[in-house]
Amino acid sequence: MPLSGKCHVYQRKWSCITWRYENEPQNLLLASTHTPSRTPLPTTSGTPTPSKTPWPTPVNLPPAPRGWHWQLHATTVPVTHYIVYELSPDDADDIRERPYGLDDQPLANIEPLPRTFLLQTAYQGSGRLPNGDILQYAAIRPPVEQELVPFRYLITPAERCAGHPLAGNGTCSIPLETAATTWRDGADPLVPVGSTIFVPELNMKIRINDVALSDSPPKIDLYTGTVNNYDHERPDGATIWILTEE
């Protein structure tokens, strides 16, 4: 499985991590990216406005809020997922070490944790600590001491997001409702943070609340909580419709 670099934005700080990709096709971007000027109202009326592109309007496309319409944005976009990693009994005998923060000091009041947990937390972006707080990946840097993991972390209190990670734009991640998007260096994000998209193949309306830099083809990375849910993946590509203000 090939690896590529990925960077997250947490609390206005850039940081990078390796991320896994497999068999990801090139996608076709059909509409220019934009930043929504406001969040659409939750009330809906009327029927979806078909895209101006010659692409069939999905029969499951939900109604758009008044003053908004759905527009075909991209096709053959891979959809993957990420989770909050939880301590596993298999980690019990692993080497333990203290997680370090962005100040290169051990995080306060955190006992040494299994190395596998720290690595998986960095890979997934977040992990649940024994007290329920969320340990979140913040940066990759040279290890503070030789042979330690080369990552730095932040703590999101459990009560901040009901036990879920804090996303890059400062909102809470919600299982099967929010996702991250990626883009290549020197290009615009596939989908701007703050956008609402609809994926017909999954019959899901999703809010994009995080963004990551990648050298692999752009994709949508759906948050699924603590459960690996491959039923919600479309590695061969899906169609992306985006909610656009009129």
- Query: Using 0.36 nm per residue, how much length does the chain from THR226 to LEU102 gain when fully extended, once their Cα-Cα distance is taken away?
  - Reply: 42.1 nm
- Amide H within-cut-off set for TRP68, under 5 Å, with H built and near neighbours excluded: GLU246
- Task: Would you work out what percent of the accessible area of the range 201-242, with all protein chains in place, is carbon or sulfur (probe 1.4 Å)?
- Result: 43 percent
- Task: Give me D for the range 49-203 in µm² s⁻¹, whole number, from Stokes-Einstein with Rh from the Kirkwood sum over alpha-carbon pairs, 4 °C and 1.567 mPa s.
- Result: 71 µm²/s
- Taking the Cα atoms of the range 176-235 alone, what are Rg (to one decimal) and Dmax (as a whole number) in Å? 11.4, 34
- Relative contact order [Cα under 8 Å, 6+ residues apart], the range 150-196, whole percent: 19 percent
- Over all viewing directions the Cα convex hull of the range 80-132 casts an average projected area in nm² of 4.2 nm²
- Item | Mean Cβ count within 10 Å, highest first, over the residues of peptides 171-182, 100-111 | 171-182, 100-111
- What nm value, rounded to one decimal, do you get for the distance between ARG66 and GLU147 when each label is placed 7 Å out toward the C-beta? 6.7 nm
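The values are calculated or read from the model by the stated rules, or taken from the named source; none is laboratory data. Computed from a prediction, not measured in an experiment: that's the story for all the values here. A quick note on method: Cβ atoms are made from the backbone with ideal geometry, for glycine too, and the neighbour counts reach across all protein chains shown. Side chains included, ligands, DNA and RNA excluded: accessible areas come from the protein's heavy atoms. Shrake-Rupley method; radii C 1.70, N 1.55, O 1.52, S 1.80 Å.
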